[in-house]
Amino acid sequence: MRILLTAVVALATAAPALLAPAATAHTPSPAAVGGGPIASRAVTAQETVALRRRYFGAENVDATGAVRKDRVILSWVGVMNFAMAIRGHVVLLDAWVPRGGTTGYVPSSPQELAALRPEAIFIGHAHFDHAADAVPIAIASGATLVGSADQCAELLSRVATAMPPRCVSGLPSGAAPGTRASVDVLGGVSAEIFQSLHSAAAAPDVQDGLHVPVLPPPSTTQLEHPPTPEDLAHLVGVLPDAEAGTVLYRFSVGDFSMVWNDSAGPLKDQAPGALDRLRELRPVDLHVGAIQGFGQFTNGMRDIRQYIEAVGSPLFVPGHHDDWAAGITTKGENYREPLRQELAQIPAERRPQVRFISDPADYVKPEVLTFPVNIEPIRLTRRCLAGKRLRLRLTGDVADVRSVRFRVGARSVTDRTAPFETTLAGRRVGRLRAVVTEAGAAPRTLRRTLPSCRRT
């Protein structure tokens, strides 16, 4: 794909007259034009609040910029790049705003993504269309990069500053497909990293039936949104970026879980055991996956279907199917029918619902991919133990709790580490209280009645 893109960029650079007629029809916004390091201008709190409301919905972001914890919200910014809010954490899934083949087609910019103040950037693989903006955004925002050891090495090799961003390696170098591990970077969110494969044009799979190649029809997007010289230069500069291996992630919070993969490789041909390991990620409520890749030219959407079947989610959202590369991509709508035909091979009772997102209408539209999450509230529980003792414990979503002061009558005990609990003598009658201090919030008091432990 890099060879094809190089040819397209060269053609666009050598023949600007072809683009000139459309240039007056579209004036890209300054935020959509970029390349290179992100300016170090201080971003105000008000700017961050405004951007978070745009990317995650005004109804989901309060006056301080905090995003509600009982929602998982994904805001699409092209290819497989998403700004995501999960349990109130703001993160990025991949980090590149498409430009160079076009300018201004995606209503976002690296500057905006950095101004969202993400805590972490999860990298699926390090090709330019997934990670070219990752290091600049991490440096500008302080976000932690997350990936495999190979990806961290590749990303940090691109740093041209004495203060590189932090990169968490979830998998060792050279991990075999199917290798998985936990990544502890977001409080209250369980995150797993899984070694996968990049898309590839494997030999036609005659055992799985005939798969008609999926060939994108011509597009005029690049004429309607012609690239600026700055964005063309940016694209030429990042085309050589290495892959450094491909991983996928499973996130879970409360009663909700999701899988996100930014490429779907020929696991059946190169690592069939990894398909079995993918099934071990179940249950999964939402699967967001790439459907455009090299495999489409020899096996259609076979690899995508096999990922979907293995993950087993009842809801699938396609990505990496938008018109981001002039000359070799097309509007996402042109992938709707090939995907429907491929998924028809899955028995109806196991076939997922597809929530199809399309460019450009669904870019930065949080209402399209907002999912409610049932998060267990914090509760103060009590239990009588032998010897007339009483155990007090904080249960529920305690990830943000920093300390608890348990009180029974005039007696009190403070606990600053999870699990938050204590044992007290239960002879005297008195009120039970727990003063809970959470990160970024004022202390609050939970109350319960005191059980009689005299007969225990």
Any residue in region 316-332 that is free of Cβ contacts under 8 Å to residues at least 60 places away in the same chain, outside any loop (DSSP other than H, G, I, E, B) and over 23 Å from Ile73 (Cα atoms)? no
Taking Ser169 and the conditions (1) open to solvent by less than 30 Å² (accessible area, probe 1.4 Å); (2) under 25 Å from Gln270 (Cβ atoms), which numbered condition does it fall short on, given that it satisfies the others? (1)
Entirely in region 344-456, the strands (runs of 3 or more DSSP E) that have 2 or more residues that are closer than 29 Å to Arg53 by Cβ: 370-372, 401-408, 432-438
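Within region 172-194, take every residue that is polar (S, T, N, Q) and over 17 Å from the mean Cα position of the chain (by Cα) and give me the one that is surrounded by the most Cβ atoms within 10 Å (Cβ to Cβ). Show your work before the answer.
Pass one, region 172-194, residues polar (S, T, N, Q): 173, 179, 182, 190.
From what is left, the residues that are over 17 Å from the mean Cα position of the chain (by Cα) are 173, 179.
Values: Ser173: 13, Thr179: 18.
Here the answer is Thr179.
Here's the yes/no breakdown for (1) within 29 Å of Pro366 (Cα to Cα); (2) touching a Lys or Arg at 6+ places or on another chain (Cβ under 8 Å); (3) at pLDDT 95 or above:
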| residue | (1), (2), (3) |
| --- | --- |
| Pro204 | no, no, no |
| Leu210 | no, no, no |
| Pro216 | yes, no, no |
| Pro229 | no, no, yes |
| Ala242 | no, no, yes |
| Leu248 | yes, no, yes |
| Glu309 | yes, yes, yes |
| Gly312 | yes, yes, yes |
Consider only pairs whose beta carbons are under 7 Å apart and that are at least six residues apart or on different chains; among these, list those whose first residue lies in region 43-54 and is within 19 Å of Glu119 (Cβ to Cβ) and whose second residue is among the hydrophobic types (A, V, I, L, M, F, W, C) and in a helix (DSSP H, G or I). Val43/Ala115; Glu47/Ala115; Thr48/Ala115; Leu51/Ala115
For the condition hydrophobic (A, V, I, L, M, F, W, C), in contact with a helix residue (DSSP H, G or I) (Cβ under 9 Å, 6 or more places away or on another chain) and open to solvent by less than 40 Å² (accessible area, probe 1.4 Å), what is the one hit in Ile378, Ile357? Ile357
Given (1) in contact with a helix residue (DSSP H, G or I) (Cβ under 8 Å, 6 or more places away or on another chain); (2) open to solvent by less than 50 Å² (accessible area, probe 1.4 Å), index of the condition Arg351 fails: (2)
Please verify whether region 326-347 includes one or more residues that are modelled with pLDDT of 95 or more, more than 20 Å from the chain's Cα centre (by Cα) and over 25 Å from His198 (Cα atoms). yes
Buried (at least 16 other Cβ atoms within 10 Å of the Cβ) and closer than 30 Å to Gln341 by Cβ: is that true of Leu197 in this structure? yes
Looking at region 180-221 only, could you name the residues that are touching a strand residue (DSSP E or B) at 6+ places or on another chain (Cβ under 9 Å), among the hydroxyl-bearing types (Ser, Thr, Tyr) and without any contact (Cβ under 8 Å) to a residue 60 or more places away in the chain? Ser182
Flag for Val368 being over 30 Å from Val77 (Cα atoms) and at pLDDT 95 or above: no
The correct count of residues that are aliphatic (A, V, I, L, M), in contact with a Ser or Thr (Cβ under 6 Å, 6 or more places away or on another chain) and open to solvent by 60 Å² or more (accessible area, probe 1.4 Å) in region 387-421 is 0
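The values are calculated or read from the model by the stated rules, or taken from the named source; none is laboratory data. Since the model is a prediction, treat every value here as computed from it, not as a measurement. Here the Cβ is made from the backbone with ideal geometry for all residues, glycine too, and neighbour counts use every protein chain on show. We work out accessible area using only protein heavy atoms, side chains counted, and drop any ligands, DNA or RNA first. Shrake-Rupley method; radii C 1.70, N 1.55, O 1.52, S 1.80 Å.
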